[in-house]
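Notes to accompany the following structure.
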Amino acid sequence: MVCVEKFSDKIGNVRPSRMIFGDGAAAIVVSPADEEADTDIEYFNSYASGPTSEVNSIIWPNPDFDNSITVYGPEVKSLAGRYLTQMLDEIKELPAPAGKDGSLLDNIDLIVPHQANKTMIIELAAAAGLSADRLYFNIEQVGNASSASIPLAIHDAVRDGVIDKPVRIFAPGFGAGAVAGYTVMRIDPKVVAPFRAAEEHAAIDPTQGQPSPSDVELAFN
């Protein structure tokens, strides 16, 4: 699963936009579990619904604002709050993993949310009885990279030592079109690719093992 976003050429100086957007890319390799083995992806759900104000809360291009991306903050907050509350209510009703007490929510080690609005998510989580120390954010360093934000945050949580052993995470996301979804999954830091500094990337010979332009054209038609 490859997630790539580029916002740097879509951001204007219009007043409705207050989000910190960033360019970013990430990939997660997903494969079938061995027969009778526990799966790392335990639960998944997605949604698409909402009033017109929420459906149209993120617009690009917007001719009214020089065709820049336009975010209507109060409507986005309403969308995210509605969905996050729904997700947490669902997880509270799901059973705990085998051998554990309480609900599935009680057994979440870390929450890695879509990196859109840190203050809002902390407030919503607190209302659900979740303390801020159970959430991980990297928006201060990366910004909101939209679809890439959760896998980037998982990577950075491993790099920062926040995830230093196998953990169960809850990863909620939401966005344009009044859509949302979440995954409850187990993350083992051993399978997360290590961080490489820019100078290390520069030292790699780009001709070794890389696809040619014709290979890329053939693959993506």
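Which count do you get for residues in the stretch 34-67 that are part of a loop (DSSP other than H, G, I, E, B) and closer than 30 Å to G12 by Cα? Before you say what the answer is, go through the steps one by one.
Taking the stretch 34-67 as the starting set, the residues that turn out to be part of a loop (DSSP other than H, G, I, E, B) are 34-40, 49-51, 56-57, 66-67.
Then keep just the ones that are closer than 30 Å to G12 by Cα; that gives 49-51, 56-57, 66-67.
The total comes to 7.
Could you identify the single residue in N107, N62 that is free of Cβ contacts under 8 Å to residues at least 60 places away in the same chain and among the polar types (S, T, N, Q)?
On the way: N107 fails: free of Cβ contacts under 8 Å to residues at least 60 places away in the same chain.
Just one listed residue meets the conditions, N62.
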Scan the stretch 122-163 for residues that are more than 17 Å from the chain's Cα centre (by Cα) and of a type in the set (S, T, Y) and jot them down. S131
Matching option when the condition is within 17 Å of Q115 (Cβ to Cβ), of a type in the set (V, I, T) and modelled with pLDDT of 85 or more, among I58, I91, I20: I58
Return the residue satisfying two criteria in turn: it lies in the stretch 115-144 and is in contact with a helix residue (DSSP H, G or I) (Cβ under 6 Å, 6 or more places away or on another chain) and assigned to a loop (DSSP other than H, G, I, E, B), and of such residues it is farthest from C3 (Cα to Cα). A128
If you go through the stretch 71-79 one residue at a time, do you hit one that is among the aliphatic types (A, V, I, L, M), in contact with a strand residue (DSSP E or B) (Cβ under 9 Å, 6 or more places away or on another chain) and either surrounded by fewer than 11 Cβ atoms within 10 Å (Cβ to Cβ) or in a loop (DSSP other than H, G, I, E, B) (or both)? no
Quick check: anything in the stretch 24-31 of a type in the set (A, V, I, L, M) and without any contact (Cβ under 8 Å) to a residue 40 or more places away in the chain? yes
When you scan the stretch 43-52, do you find a residue that is under 24 Å from V162 (Cα atoms) and under 21 Å from the mean Cα position of the chain (by Cα), even just one? yes
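Taking the condition of being farther than 25 Å from G22 by Cβ, modelled with pLDDT of 90 or more and assigned to a loop (DSSP other than H, G, I, E, B), how many residues in the stretch 98-114 meet it? If you could, list the steps in order and put the result at the bottom.
Keep residues of the stretch 98-114 that are farther than 25 Å from G22 by Cβ, which gives 98-109.
Restricting the remaining residues to those that are modelled with pLDDT of 90 or more gives 100-109.
Filter once more, so that each one left must be assigned to a loop (DSSP other than H, G, I, E, B): 100-102, 104, 108-109.
Summing the residues that are farther than 25 Å from G22 by Cβ, modelled with pLDDT of 90 or more and assigned to a loop (DSSP other than H, G, I, E, B) in the stretch 98-114 gives 6.
The values are calculated or read from the model by the stated rules, or taken from the named source; none is laboratory data. What you see is a predicted model, and the numbers here were worked out from it, not measured in a lab. Methodologically, a virtual Cβ is constructed for each residue, glycine included, from the backbone with ideal geometry; neighbour enumeration extends over all protein chains shown.
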